[in-house]
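Worksheet for the structure shown next.
Just so it is clear, none of the values below were taken in a lab; they were calculated from the coordinates. Model, not experiment: these values are computed from the prediction. Cβ placement follows ideal geometry from the backbone for every residue including glycine, while neighbour counts extend to all protein chains displayed.
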Amino acid sequence: MHTRRRFVRRTLGPLVVGVASPLPNQVVHAQSRGRSYRYSLVVKGGRVIDPSQGLSAPRDIAVSGSKIAQIADSIPESDALHVIDASGRIVTPGWIDIHVHVYDGVAPLGIPADPNCIAKGVTTAIDAGSAGAHTFPGLRKYVINTADTRILALLNISVVGQSTLSQDNPWGELLDLRYANTALAAKTIERHRDVIVGMKVRLTRNIAGNHDLEVLRRAREAADAAGLPVMVHIGGSHSTVPEILSLMKPGDVITHSFRGGEGGILDDDGRVHDEVLSGVASGIHLDIGHGAGSFSFDTAETAMEQGLLPGTISSDVHQFNVNGPVFDLATTVSKFLHLAACGFNRFADHVGRWPCLVVLRRPMRVFRRIPGSLPV
Ligand SMILES: [Zn+2]
């Protein structure tokens, strides 16, 4: 649980997510500590964007403890202990990144959670399969339980999670099918129901060999036992996307959905596979999962021309893309604003309301719910 001071320190950037860089010191100031204040914090002069209530307008926001206390055209600075000048910036509810890798030190692609999530506007992040049944207790103990960012997880169907593949060892976690242990995955979900929100499989050839469909079947079985979705990483797999989709069901998620190259959502003629269109129509979700090489402007433009729009926008931020091309979720979102894939006033849907419904399966707690918890 955040103390107010800790939350303010961590979220000076994220409260104002229109900029990826930290706020300069002069935009934040503290009033005298010698008196009592009505609010802990006032964020002044920003454009508040909250699509859940159709709000996109200049507003001040007052925070009291961990609650949003007031949203108004103008709230006096003198009412708050801390004041953030958000002029020229965007203020939104905390973002949700449904594809990150924050098992720092265990999965070779892992990075520390807080500097890359809550400090960058992401108050809730979902670790996408960095841990499997054997390594999940460590993810829980050393990352989920200690980070300021609220971290949830998709469990890898491989017992070893993503601990094997690195730049020096190109062999993924599912080359040995015996590591895809359905019963152990189901047991792990039961033990950690409060933080595991689904299963994850990566189906690329150097990760799942030529038994990708069997891997997916096993993940689906473990997920079904718990009533949870499966996130499927596509691209460069032995089986085709239509074959993969035939084993997925409504509520499941395709990540890296706008990737280029072999094994994506487009056929050889550049048409979106019919199975992708019918899958999306039936309730399979498309997630971006930008990654190091899993997003293509060409694919995005081609798909959008054919009426297929992005669903959730996630970063897949990890060790090998955090210094580019991903950097963070704000940079990823900016690409979609550039593509005009989502209107300026609607972009927060892709990193807020939709992730809530797709993976968390509950409505977003928004500014409107006063008093509501500040982080979504
Ligand atoms: Zn990933």
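Here are the numbers:
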item: Pair Ala147, Ser334: separation of 7 Å Cα→Cβ label points (nm); result: 2.3 nm
item: Listed peptides 206-218, 127-139 by packing density, highest first (mean Cβ within 10 Å); result: 127-139, 206-218
item: Considering only region 55-163, percent of DSSP beta bridges that pair antiparallel, nearest 5; result: 35 percent
item: Ranked by how many other beta carbons lie within 10 Å on average, peptides 83-93, 237-247, 274-284 from highest; result: 83-93, 237-247, 274-284
item: Estimated vicinal HN-Hα couplings, Hz - region 137-142 in sequence order (Karplus 6.51, -1.76, 1.60; Gly, Pro = x); result: x, x, 4, 5, 5, 9
item: Length-normalised contact order for the chain - Cα pairs under 8 Å, 6+ apart - percent; result: 16 percent
item: Share antiparallel - DSSP beta bridges, the chain, percent rounded to 5; result: 40 percent
item: Spatial separation of Cα centroids for region 222-299 and region 55-69, in angstrom; result: 38 Å
item: Cα-based reach from Lys120 at 15 Å (exclusive), listing aspartates and glutamates while leaving out same-chain residues under 8 positions away; result: Asp97, Asp148, Asp316, Asp328
item: Dipole moment magnitude, nearest 20 debye, the chain about Cα centre, only Lys, Arg, Asp, Glu C-beta charged; result: 2040 debye
item: Among Gln53, Gln162, Gln319, residue whose mean-square fluctuation peaks in a GNM of the chain (springs only between Cα atoms under 10 Å); result: Gln53
item: Computed helical MRE - 222 nm, the chain, DSSP H runs ≥ 4 contributing -39500 (n - 2.57), nearest 500; result: -5500 deg cm²/dmol
